[in-house]
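What follows is a set of notes on a single structure, which appears directly below.
Bear in mind these aren't lab numbers, they're just calculated from the coordinates by the rules spelled out. Predicted model only: the values in this text are computed from it and were never measured. We place every Cβ from the backbone using ideal geometry, glycine too, and count neighbours over all the protein chains shown.
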Amino acid sequence: MSLFSELKLPVVGAQLSLNRAAVERKSAAWLAQRMTAPDTQFMILADLKLAVSSPPDRSCTDIRWFTLEDIERLKLVGCETIFLGLTATGGSRFCIHASAMGCSGLNSTAEVLRPIVDLRSLATQGAMSNDDLALGAQARALAAWRLNARCCGRCGANTALKDGGWRAECAACGLDVYPRCDPAVIMLVTDGERCLIGHERRFPDKFYSVLAGFLEPGDDIENAVRREVMEETSVRVGRVTYLASQPWPFAHTLMIGCWAEALSTELRLDPAELEGARWVTRDQVAAMLEGRDPDGHTLPGPQSMAHTLLRAFVQDFEGFN
Ligand SMILES: [Zn+2]
């Protein structure tokens, strides 16, 4: 049985529900025509928070879509517009990126836009459908990148958004800057019977997770796994197997999930990275995932790659032996 195809990994941002029209969006004229088409809809990110619609009991949360007339009535000035893509029936979807840094009128319209919510909270709570979450997260990742790419890293001049928000171009030296995506490895380290979990300084009390870290220049995925595990715990890792990936656009990370075979088990922790680490059995992991650990230790929730890796370990999927 294949391993991860059998597991339900929540997806944040990976579903290609829209055609991003990578060729057409290079044309400003085409984008302008799409913006004014009658079937075009806009979402609004206000300081990176998404305007949503939700019944009073908050039983579900959906993206709140606006027409061009709605947008014009809001009188937001200086906002940037990001092209998200085309629906299966050809309708265009855009995001209005309203930030206090570049947009006036935001304070006066904030009341009209409510509820506006933090997408990361929605993702961790599982309170939004995967399709809406993927689209909101895609928009948020582009908008968050834009906030940090307003000036050219080479000459310091202002940059302008191009290609519907998928490229920034320096007005002075012409440097192209593309949306950032930071790959990070997240790995379930196992000696066969047990797996390794760690407690970082920033974690809530008694909360543990699997180890993770960003790729550095010169790393391949396997080396990044072995290096991070060695740096944080002094455990030597042999075989590394890629399992699955998950965009985590808070701000712009790609989580690369791996299984890692431990060649040693003695722990010597880097105190700057980890306050604690433990080897735990499948039964212990199951108890922690299900909230019945006798010491009250907890693990990440079901929307995360860490949860999926730990659940796979408990279920003893092929590859974890
Ligand atoms: Zn420049």
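Taking Cβ atoms as reference points and 13 Å as the exclusive limit, the residues near residue 237 contribute a net charge of -2, counting Lys and Arg as +1 and Asp and Glu as -1. Among 63, 44, 116, the order by Cβ neighbours within 10 angstrom, fewest to most, reads 116, 63, 44.
Reported to the nearest whole Å, the Cα centre-to-centre distance from the range 269-287 to the range 133-210 is 27.
Distance between the modelled labels on residue 272 and residue 147, one decimal in nanometres: 2.7 nm (7 Å Cα→Cβ projection). Label separation (residue 54 vs residue 216): 4.1 nm, computed from points 7 Å beyond Cα along the C-beta direction. Once the Cβ-Cβ distance of residue 62 and residue 39 is raised to the sixth power relative to R0 = 25 Å, the FRET efficiency obtained is 0.85.
Within the listed set 206, 26, 162, the Gaussian network model of the chain (springs between alpha-carbon atoms below 10 Å) gives the highest mean-square fluctuation for 206.
Each label point was placed 7 Å from the Cα along the Cα-to-Cβ direction; for residue 206 and residue 88 their separation is 4.6 nm. Summing charges over neighbours of residue 21, with a neighbour being any other residue whose Cβ is under 11 Å away from its Cβ, gives +3 when K and R count +1 and D and E count -1.
Nearest 5 percent is fine: what portion of the DSSP beta bridges confined to the range 151-291 is antiparallel? Percent antiparallel among DSSP bridges in the range 151-291 is about 75.
Cross-link partners for residue 26 among the aspartates and glutamates, with Cα-Cα distance under 14 Å and sequence neighbours closer than 8 places in the same chain left out: 163, 169, 176. Global size of the chain: 22.1, 64 Å for Rg and Dmax (C-alpha atoms, Rg to one decimal, Dmax whole).
Applying a DSSP loop filter and a limit of 16 other Cβ atoms within 10 Å to the GluC sites (Glu not before Pro) in the range 186-254 leaves 193.
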